[in-house]
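Okay, structure first, notes after.
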Amino acid sequence: MARRRSPSALKIRNLSVEIAGKKVLDGVDLEVLRGEIHVLFGPNGSGKTSLMMSILGFPSYRILSGEILLNGTDITNMSINERVKLGIGIAFQSSPTIRGVKLGDVLRHLAGSKIDGAKMAGAVNLDAEFLNRDLNVGFSGGELRRSEVLQVLVQRPSFAIFDEPDSGVDVENLEVVGGAINNLLKKRSGLLITHQGYILRYVEADKAHVMLNGRIVCSGIPTKILSQIMKRGYKWCEKCPKARRPH
Ligand SMILES: Nc1ncnc2c1ncn2[C@@H]1O[C@H](COP(=O)(O)OP(=O)(O)OP(=O)(O)O)[C@@H](O)[C@H]1O
Ligand SMILES: [Mg+2]
């Protein structure tokens, strides 16, 4: 008997986007089914963060063509607020610092209800004292990453995107952060952007994609694609005979 296919959590069709007059996404197609975790690899400047910003709906990322659907709803022209309400949560690569706004207040706002802030902070190995610190001000590189991940954990979005959550995180904290992301995404869907892929030891990803020059050129099994990139670099992806076909 044929297995029933899960519905789409995120579906992107032929998405082209420009920022400041520069085309950063060029006909991106991507589908993440409900319950799946996908990984996005790609060299610096290939358009990974731009894709994430376009999914969230930052107005400076101007959509030239294509559409973005979240759980079947067309969100292409929605505001950031509307998209967040529909269940998109993002851990940013470049975290904003805001003086006068405590991390604990941000977490309470994101949770929309009473939370045990200290317990939640503990899930990413941050001491409770961080809750009383101004948002990301003076946080070390690894603390910033964990603060970003914590904000998504508290928000509990139906679709979570993590932009390099492992960058600058030490080995012990990588296990903690990876475990927390995996727990969150077990019953949800998400997209994980990573360069080195160390976090994949802790996050059970279903599928990986390689982005080059604003296009997804190759998709397949995460460990297989990562090992090829590590062995042969992104040059391999440019020449990949199976480009745009599953590995
Ligand atoms: N505001 C902007 N003005 C001009 N160019 C921009 C702007 N924002 C992004 N870009 C360009 O868009 C391209 C894609 O950038 P993006 O941040 O999406 O890359 P990335 O794949 O996330 O790279 P990295 O791995 O370094 O994080 C880059 O060439 C970048 O310089
Ligand atoms: Mg980036």
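The values are calculated or read from the model by the stated rules, or taken from the named source; none is laboratory data. Not measured: the values here are computed from a predicted model. Cβ atoms come from the backbone with ideal geometry, glycine included; neighbour counts cover every protein chain shown.
Figures for the structure shown
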| read-out | value |
| --- | --- |
| Region 148-191, residues that are within 16 Å of ligand 1 (Cβ to nearest atom) and charged (D, E, K, R) | E148, D163, E164, D166 |
| Residues located in region 86-104, provided they are over 17 Å from the mean Cα position of the chain (by Cα) and either surrounded by fewer than 16 Cβ atoms within 10 Å (Cβ to Cβ) or touching a residue at least 40 places away in the same chain (Cβ under 8 Å) (or both) | T97, I98, R99, G100, V101, L103 |
| Evaluation of N14 against (1) more than 19 Å from the chain's Cα centre (by Cα); (2) buried (at least 16 other Cβ atoms within 10 Å of the Cβ); (3) more than 23 Å from E164 (Cβ to Cβ); (4) touching a residue at least 40 places away in the same chain (Cβ under 8 Å) (one fails), failing number | (2) |
| Set R133, R146, R156: member being basic (K, R), surrounded by 23 or more Cβ atoms within 10 Å (Cβ to Cβ), over 13 Å from the mean Cα position of the chain (by Cα) and under 24 Å from R108 (Cβ atoms) | R146 |
| Verdict on I12 being assigned to a strand (DSSP E or B), within 16 Å of ligand 1 (Cβ to nearest atom) and within 16 Å of V152 (Cβ to Cβ) | no |
| Inter-residue pairs, beta-carbon under 6 Å, first free of Cβ contacts under 8 Å to residues at least 24 places away in the same chain and under 17 Å from G197 (Cβ atoms) and in region 210-239, second of a type outside the set (V, I, T) and surrounded by fewer than 18 Cβ atoms within 10 Å (Cβ to Cβ), 6+ apart | K224/H247; Q228/W236 |
| Single unsatisfied condition, S113 versus (1) surrounded by 12 or more Cβ atoms within 10 Å (Cβ to Cβ); (2) part of a loop (DSSP other than H, G, I, E, B) | (1) |
| S46 within 16 Å of ligand 1 (Cβ to nearest atom) and part of a loop (DSSP other than H, G, I, E, B) | yes |
| In region 158-187, residue farthest from ligand 2 (Cβ to nearest atom) [restricted to those that are in contact (Cβ under 8 Å) with a residue 60 or more places away in the chain and assigned to a loop (DSSP other than H, G, I, E, B)] | K187 |
| Residues being touching an Asp or Glu at 6+ places or on another chain (Cβ under 9 Å) and either within 28 Å of S227 (Cβ to Cβ) or near ligand 1 (Cβ under 9 Å from one of its atoms) (or both) - total across region 15-38 | 8 |
| Selected residue (criterion: farthest from ligand 1 (Cβ to nearest atom)) from residues of region 49-59 that are crowded, with 22+ Cβ neighbours inside 10 Å and of a type in the set (S, T, N, Q) | S54 |
| Odd one out for E31 among (1) assigned to a strand (DSSP E or B); (2) farther than 22 Å from V152 by Cα; (3) of a type outside the set (K, R) | (2) |
| Within region 188-209, considering residues that are within 14 Å of ligand 2 (Cβ to nearest atom) and crowded, with 19+ Cβ neighbours inside 10 Å, the one modelled with the lowest pLDDT | T194 |
